[in-house]
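Undergrad: Pasting in a structure now, in structure tokens, and then I'll have a few things to ask.
The values are calculated or read from the model by the stated rules, or taken from the named source; none is laboratory data. The structure presented is a predicted model; accordingly, all values stated were derived computationally and were not measured. Using ideal geometry, Cβ is built from the backbone for each residue, glycine included, and neighbour counts are taken over all protein chains shown. The area values use the complete protein model at the heavy-atom level, side chains included, leaving out ligands, DNA and RNA. Shrake-Rupley method; radii C 1.70, N 1.55, O 1.52, S 1.80 Å.
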Amino acid sequence: IAYALYVRKRWSMAGVVAQAAAFVRGHGGKNSNGDFEALTPEAIAWCLVALSGGQSNKDHQQLIHDLKAALLKHVTEEADTAYFTTSYGDDGSSVMLHSNRRTDAAVLEALVEVDGNRNGLSPKLCKGLLKHKKKEGGWSTTQENCFVLMALLRYFKVYEKHEPDFTISLWYGKLFGGRQEWKGRSTESRNIQVAMKGLHALGDNNFIIHKLGKGRLYYRMGMTYAPKSLELAAANYGFLVSRTYKGVDDKAHARFDEEKKMWVFKLGEKIEVTVTMTTTARRYHMALCDYLPAGCEPLNPALKGSPSPSSGSMGAVGGMFGNPYSWRFYSRRYWPEHINLRNERAEAFRSLLWPGVYEFVYTVRATTGGDFVVPPALAEEMYSPECFGRSASGKVRIE
């Protein structure tokens, strides 16, 4: 019924607003918590579209406000993306042709319809949908393609109504950071870099971005820095990361000295490295990077002459395990789409990572004796590095 009301609204049929209001009040009424239990986020979105244009009526205004409030209880919002997770049970895909991207698109279209360009969630939904686009240029199904394209078109007509023709200036307190001119639509990105030394000398101040002219400005502000201390605690800003070591031929070849708080490796022996990574939300274009102790070298099982990988480590065929965070199935160890084994680090990459617990396992050989500092293992979204996590740094003695 919600979708039928949406279609009638798109066909500009008379009486749709009143019909939508009656449907929401009669079939999707709120419970004591203010939720519309009978309506999924997708159905709420279609009802919002059907109710749009009825803001002049105070009762309809309150209904739109309540529907939006109920909708926001289902959203997962990240630093630069947002998405909804819904289910229609076993018949969701086969009968309803449902997908979470279709829900994201329906909600995006509804928010643009009722809020115009005043809702900060809309750009995040838009970016999340674009990150799910496949290499071929579309999404997973015909349903997704249709709903996403319609939502993006409405987003474009509202948020990108004016062709860019503006000048931006950047200030930090009294420090002038630079100026740029933008004319016409473009996917080009430009950087303005300001030295940390100059910012530190000015103390605490506000960043000011001044835009003069028409068009929408998309920008990101970030800071690149190096910590003073080599001893870093673990941090979780989207990824929970930990790292352990184990002797391959003999467990005694890699042991943790509790008194000295360091790992001790046997010189010349193989050591299995396990990096465990946990995320409770979707991650896009992510990279996991683990730095090796300087006295170790990675063993690439793909190279002729390299020792065979240990049982269950990288290079074997993995099984599938139930994901504790969602209904999907995923591989706990064999998730990377691409792996790099370099002299000083091991890297694993994936374009779309679903919520779950993952392991990255590889083998190194302890080749040089001595005491070494091991930087943290780092997981991050490459294009949104503010979403990251790291393990604690460590120390290794090879003897």
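Undergrad: Spot the failing condition for E258; the list is (1) over 24 Å from S331 (Cβ atoms); (2) buried (at least 22 other Cβ atoms within 10 Å of the Cβ); (3) of a type in the set (D, E), and only one is missed.
TA: (2)
Undergrad: Here's a follow-up. Which of the following residues is of a type outside the set (A, V, I, L, M, F, W, C) and open to solvent by 90 Å² or more (accessible area, probe 1.4 Å): K270, K228?
TA: Every option except K228 fails the conditions.
Undergrad: Right, next: Which residues, counting only those in segment 140-156, are open to solvent by 80 Å² or more (accessible area, probe 1.4 Å) and without any contact (Cβ under 8 Å) to a residue 24 or more places away in the chain?
TA: If the condition is that a residue be open to solvent by 80 Å² or more (accessible area, probe 1.4 Å) and without any contact (Cβ under 8 Å) to a residue 24 or more places away in the chain, then T142, L149, L153, F156 are the ones that fit.
Undergrad: Restricting to segment 379-397, what's the tally of residues that are open to solvent by less than 40 Å² (accessible area, probe 1.4 Å) and more than 15 Å from the chain's Cα centre (by Cα)?
TA: 4
Undergrad: For the structure I just gave you, tell me whether E181 is within 30 Å of D66 (Cα to Cα), exposed (fewer than 15 other Cβ atoms within 10 Å of the Cβ) and either touching a helix residue (DSSP H, G or I) at 6+ places or on another chain (Cβ under 6 Å) or not aliphatic (A, V, I, L, M) (or both).
TA: No: the conditions fail for E181.
Undergrad: Return the residue satisfying two criteria in turn: it lies in segment 189-208 and is closer than 17 Å to Y225 by Cβ, open to solvent by 100 Å² or more (accessible area, probe 1.4 Å) and under 28 Å from the mean Cα position of the chain (by Cα), and of such residues it is modelled with the highest pLDDT.
TA: Top of the filtered list is N191.
Undergrad: Restricting attention to segment 6-18, report how many residues are under 33 Å from the mean Cα position of the chain (by Cα) and in contact (Cβ under 8 Å) with a residue 12 or more places away in the chain.
TA: Matching residues across segment 6-18 total 2.
Undergrad: Between a residue in segment 250-263 that is within 13 Å of I398 (Cβ to Cβ) and any residue that is open to solvent by 100 Å² or more (accessible area, probe 1.4 Å) and at pLDDT 90 or above, which pairs come within a Cβ distance under 6 Å, given they are 6 or more apart or on different chains?
TA: Correct list of pairs: H253/K266.
Undergrad: Tell me which residues, restricted to segment 185-204, are out of contact with any Pro (no Cβ under 8 Å at 6 or more places or on another chain) and closer than 25 Å to G120 by Cα.
TA: Hits for segment 185-204 are T187, E188, S189, R190, N191, I192.
Undergrad: Also: Mind checking whether some residue in segment 256-267 is part of a loop (DSSP other than H, G, I, E, B), of a type in the set (K, R) and at pLDDT below 85?
TA: Taking every residue of segment 256-267 in turn, none turns out to be part of a loop (DSSP other than H, G, I, E, B), of a type in the set (K, R) and at pLDDT below 85.
Undergrad: Out of curiosity, is Y159 surrounded by fewer than 18 Cβ atoms within 10 Å (Cβ to Cβ), over 20 Å from the mean Cα position of the chain (by Cα) and modelled with pLDDT under 90?
TA: For Y159, the condition - surrounded by fewer than 18 Cβ atoms within 10 Å (Cβ to Cβ), over 20 Å from the mean Cα position of the chain (by Cα) and modelled with pLDDT under 90 - is not met.
Undergrad: Among K135, K131, which is surrounded by 11 or more Cβ atoms within 10 Å (Cβ to Cβ) and of a type in the set (K, R)?
TA: The conditions single out K131.
Undergrad: Now for a different question. Among the numbered criteria (1) open to solvent by less than 10 Å² (accessible area, probe 1.4 Å); (2) of a type in the set (D, E); (3) part of a strand (DSSP E or B), which one does E109 miss?
TA: Only one criterion is unmet by E109, namely (3).
Undergrad: Do any strands (runs of 3 or more DSSP E) entirely within segment 157-240 hold 1 or more residues that are out of contact with any Ser or Thr (no Cβ under 7 Å at 6 or more places or on another chain), in contact (Cβ under 8 Å) with a residue 40 or more places away in the chain and not small (G, A, S), and if so, which?
TA: 165-172, 207-214, 235-237
Undergrad: Looking at (1) among the polar types (S, T, N, Q); (2) within 28 Å of K395 (Cβ to Cβ); (3) open to solvent by 30 Å² or more (accessible area, probe 1.4 Å), which is the one condition that is false for T280?
TA: (2)
Undergrad: Next question, about the same structure. Within segment 331-378, how many residues are small (G, A, S), open to solvent by less than 30 Å² (accessible area, probe 1.4 Å) and under 17 Å from C289 (Cβ atoms)?
TA: Here the count works out to 3.
Undergrad: Pull out all pairs, ordered by first then second residue, where Cβ-Cβ is under 6 Å, the residues are six or more apart or on different chains, the first lies in segment 108-137 and is without any contact (Cβ under 8 Å) to a residue 40 or more places away in the chain, and the second is among the acidic types (D, E) and assigned to a loop (DSSP other than H, G, I, E, B).
TA: Correct list of pairs: empty, since none qualify.
Undergrad: Quickly run through segment 283-297 and pick out the residues that are in a strand (DSSP E or B), surrounded by fewer than 21 Cβ atoms within 10 Å (Cβ to Cβ) and either at negative phi or of a type in the set (D, E, K, R) (or both).
TA: A287, C289, Y291, E297 - these are the residues of segment 283-297 that are in a strand (DSSP E or B), surrounded by fewer than 21 Cβ atoms within 10 Å (Cβ to Cβ) and either at negative phi or of a type in the set (D, E, K, R) (or both).
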